[in-house]
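Novice: I'd like to ask you about the structure that follows.
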Amino acid sequence: MSKSQLLFVVAALLALLLVNQMTAESFGKSVMGGLPWYGWAGAALLLAAAGALFARQDAERSGRLLASPTPEAEEAAREIHVTKEDLARIDPDGPDYPHPVIFPERCIGCHACVEACPHDVLSIVNGIATPVARDQCMEDTSCQTECPVSPKACIVVNTTKKIPPRKVPQRDARFMTNVAGCYIVGDVSGTPLIKNAANEGADVIRHVAEELRNGAPREPRADYDVAIVGVGPAGLSAAIAAQTLGLRYAAVEQDRVLATIEAYPLNKYVFFKPDAMESRAPLGVEGAGRQREEILESWRGAMERSGVRVNEGESCKSVEPATDGDYFVVRTERGAAKEPREYRARRVVLALGNRGTPMRLRVPGEDLQVVRDGRREAKVRYRLGDAEEYRGRRVVVVGAGNSAVEAAVDLVARRDGERITFRPEGEANDVTLVIRSDFKNDLKFANKVQVYECIDEGRMRVFYGATVKEIREGEVVIMHARTSEVLATLQNDYVFAMIGGERPTGFLESIGIKIG
């Protein structure tokens, strides 16, 4: 109900109350509410006429919004980067309740809207985001917020909510942030695309090389021309470009090179979107896309052929502009021993992943090393690569989000879309899911159905309101999250801690980079 309609209803009620007081003595108590029957009939006709008038005005206003946008609509359009032409053709035959509309010609298939929606309204079909369950839309609007392209490819229509802007780091056309000499590329910049990230990695090094050779004074206190932090598609492309251009560089990666690609499921087909974007990177990102294994083999081969050196297992802790010259001091910690290192570089390129460092359990035994099948390895894992590598194992999965639930389901069953088939005896793992409170609100509907099916069929145990107290070589101690009372001591081979990642927002702000 609009404000004008509400005011009319209040005015009508006050008028009836006034008439009631004025006519009560004239008509007597036998008249209901102070009005005779013809008075009530007249009031009903008046209200019906007023309702029809308001309905007609609303219909005309909606028509004007499509044909010739009102100032309010144009202002909203500017906020979400939608043109007048867009407003004239947005879903003219769609339902009147809030739901997302996709512009296929703009969609780059980045999955941002799909991952942002907690109600499984959207899905990727043939590389394009597609509404597959519009009736499940709960007007969350995060799909539109997270769409990285401009103008937006995903728009929620029939909503009165104000769509907040995306909070992404500020940078200019040459990828430099508001901190002079510090550049940012790849996923952390706000555009989660492999081809875009690889192109930006090569482009930013060209900008750095041009700046250093054509204008920047020499800096004798710097040991490197550029420090590259993060070696995924963007960082590896930058490192190869730096090697090719003869720059002195240092490249550090907290995990392994291309760990984000390694984390994809086996044989996953990875799209190189957008199709119309040319490849400017020293990595093979031509064509529509490639399978995960082909990408890893090709890109690692390019790395070896170029002679690129990367310091793996080295986490960046701080980036600070020097006080005595035109360079940066980059401080890192290497390996489990957290050996401190320091790099003095004239320029810094941040090619971080947007999900940041996995959050740790911070419990005794988290860094425990165990021997499995003759190999020494970490007992606690922070992601599940190939679920088929785990058969007949005793596994604890900690977390209540989509990644944790998907991992737990994959360890006891095989998924085919929204359907699951339980693993046969001997291949299934003994899985326990540990949740601090309850499943998260943004847990996708399909994941919720699958995990409850596993629980109901006795294929998985769940401890609600619980957390891990201690990790030992062959067992895990589970305790109540609030009282710390020990709930169980489980025989255990592996622990998957999937409780989220620390987004690099705080790290970027510590450097002085503005967000939003």
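The values are calculated or read from the model by the stated rules, or taken from the named source; none is laboratory data. In this text, all values refer to a predicted model and were calculated from it rather than measured experimentally. Please note: Cβ atoms are built from the backbone with ideal geometry, for glycine as well, and neighbour counts cover all protein chains shown. Remember, those area values only see protein heavy atoms, side chains included, never the ligands or the DNA or RNA. Shrake-Rupley method; radii C 1.70, N 1.55, O 1.52, S 1.80 Å.
Novice: Collect the residues in the stretch 391-407 that are among the polar types (S, T, N, Q) and open to solvent by less than 50 Å² (accessible area, probe 1.4 Å), keeping them in residue-number order.
Specialist: 402
Novice: To continue, here is another question. Against the definition (closer than 19 Å to residue 494 by Cα and open to solvent by 70 Å² or more (accessible area, probe 1.4 Å)), how does residue 410 come out, yes or no?
Specialist: Answer is no for this residue.
Here's the yes/no breakdown for (1) closer than 21 Å to residue 189 by Cβ; (2) outside any strand (DSSP E or B):
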{"residue": "337", "(1), (2)": "no, yes"}
{"residue": "342", "(1), (2)": "no, no"}
{"residue": "347", "(1), (2)": "yes, no"}
{"residue": "352", "(1), (2)": "yes, yes"}
{"residue": "362", "(1), (2)": "no, yes"}
{"residue": "365", "(1), (2)": "no, yes"}
{"residue": "371", "(1), (2)": "no, no"}
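Novice: Is it the case, given these coordinates, that residue 429 is polar (S, T, N, Q) and touching a helix residue (DSSP H, G or I) at 6+ places or on another chain (Cβ under 6 Å)?
Specialist: yes
Novice: Check 208, 149, 188 and return the single one that is closer than 22 Å to residue 514 by Cα and open to solvent by 20 Å² or more (accessible area, probe 1.4 Å). It would help to see each step written out before you state the result.
Specialist: Values: 208 fails: open to solvent by 20 Å² or more (accessible area, probe 1.4 Å); 188 fails: open to solvent by 20 Å² or more (accessible area, probe 1.4 Å).
Result of the check over 208, 149, 188: 149.
Novice: Go through the stretch 169-185 and report how many residues are open to solvent by less than 10 Å² (accessible area, probe 1.4 Å) and within 21 Å of residue 277 (Cα to Cα).
Specialist: 2
Novice: Give me the residue from the stretch 440-454 that is over 9 Å from residue 405 (Cβ atoms) and open to solvent by less than 60 Å² (accessible area, probe 1.4 Å) and, out of that set, farthest from the chain's Cα centre (by Cα).
Specialist: Top of the filtered list is 454.
Novice: Only residues that are open to solvent by 60 Å² or more (accessible area, probe 1.4 Å), part of a helix (DSSP H, G or I) and either under 15 Å from residue 193 (Cβ atoms) or free of Cβ contacts under 8 Å to residues at least 12 places away in the same chain (or both): list them for the stretch 274-306, please.
Specialist: Those that are open to solvent by 60 Å² or more (accessible area, probe 1.4 Å), part of a helix (DSSP H, G or I) and either under 15 Å from residue 193 (Cβ atoms) or free of Cβ contacts under 8 Å to residues at least 12 places away in the same chain (or both): 294, 297, 304, 305.
Novice: May I pose another question? Considering only residues of the stretch 319-331 that are closer than 20 Å to residue 508 by Cβ and of a type in the set (Val, Ile, Thr), which is farthest from the chain's Cα centre (by Cα)?
Specialist: Among them, the one singled out is 329.
Novice: Now a separate question. Could you list, in sequence order, all residues of the stretch 307-326 that are exposed (fewer than 15 other Cβ atoms within 10 Å of the Cβ), in contact with a helix residue (DSSP H, G or I) (Cβ under 9 Å, 6 or more places away or on another chain) and of a type outside the set (Lys, Arg)?
Specialist: Once the filter is applied, which keeps residues that are exposed (fewer than 15 other Cβ atoms within 10 Å of the Cβ), in contact with a helix residue (DSSP H, G or I) (Cβ under 9 Å, 6 or more places away or on another chain) and of a type outside the set (Lys, Arg), the stretch 307-326 yields 307, 318, 320.
Novice: Right, another one. Take residue 471 and tell me if it is touching a residue at least 24 places away in the same chain (Cβ under 8 Å), in contact with a Gly (Cβ under 9 Å, 6 or more places away or on another chain) and either among the aliphatic types (A, V, I, L, M) or open to solvent by 20 Å² or more (accessible area, probe 1.4 Å) (or both).
Specialist: yes
Novice: While we're on this one: Please state which one of 313, 232, 307 is of a type outside the set (S, T, N, Q) and at pLDDT 95 or above.
Specialist: None of the others qualify; the one that does is 307.
Novice: Here's something else I'd like to know. Name the single residue that is surrounded by the fewest Cβ atoms within 10 Å (Cβ to Cβ) among those in the stretch 332-349 being within 20 Å of residue 181 (Cβ to Cβ) and within 28 Å of the chain's Cα centre (by Cα).
Specialist: Taking the stretch 332-349 as the starting set, the residues that turn out to be within 20 Å of residue 181 (Cβ to Cβ) are 332, 342-349.
Subsequent filtering for residues that are within 28 Å of the chain's Cα centre (by Cα) retains 332, 348-349.
On the way: 332: 22, 348: 28, 349: 30.
Here the answer is 332.
Residue-by-condition table, conditions (1) crowded, with 16+ Cβ neighbours inside 10 Å; (2) touching a residue at least 12 places away in the same chain (Cβ under 8 Å); (3) among the hydrophobic types (A, V, I, L, M, F, W, C); (4) touching a helix residue (DSSP H, G or I) at 6+ places or on another chain (Cβ under 7 Å):
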residue: 456; (1), (2), (3), (4): no, no, no, no
residue: 460; (1), (2), (3), (4): yes, yes, yes, yes
residue: 465; (1), (2), (3), (4): no, yes, no, no
residue: 475; (1), (2), (3), (4): yes, yes, no, no
residue: 481; (1), (2), (3), (4): yes, yes, yes, no
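Novice: On to the next question. Within the stretch 478-516, restricting attention to residues that are farther than 27 Å from residue 319 by Cα and touching a Pro at 6+ places or on another chain (Cβ under 9 Å), which residue is modelled with the highest pLDDT? Full working, then the answer.
Specialist: We begin by selecting, within the stretch 478-516, every residue farther than 27 Å from residue 319 by Cα; these are 478-498.
Checking the rest, the ones that are also touching a Pro at 6+ places or on another chain (Cβ under 9 Å) come to 497-498.
On the way: 497: 95, 498: 92.
Only one residue tops the list, namely 497.
Novice: For the stretch 483-516, which positions are loosely packed, with under 13 Cβ neighbours inside 10 Å, more than 19 Å from the chain's Cα centre (by Cα) and in contact (Cβ under 8 Å) with a residue 60 or more places away in the chain?
Specialist: 491, 514
Novice: Checking the condition outside any loop (DSSP other than H, G, I, E, B) and closer than 29 Å to residue 230 by Cβ, which residue from 407, 400 passes?
Specialist: None of the other options fit; the residue is 407.
Novice: Right, here's the next one. What pairs come out if I take residues in the stretch 361-389 that are buried (at least 16 other Cβ atoms within 10 Å of the Cβ) and modelled with pLDDT under 90 and pair them with residues that are among the aromatic types (Phe, Trp, Tyr) and part of a loop (DSSP other than H, G, I, E, B) whose C-beta lies under 9 Å away, six or more apart or interchain?
Specialist: Matching pairs, first to second residue: 384/390.
Novice: Among the numbered conditions (1) under 14 Å from residue 474 (Cα atoms); (2) among the charged types (D, E, K, R); (3) in contact with a Gly (Cβ under 9 Å, 6 or more places away or on another chain), tell me where residue 391 comes up short.
Specialist: (1)
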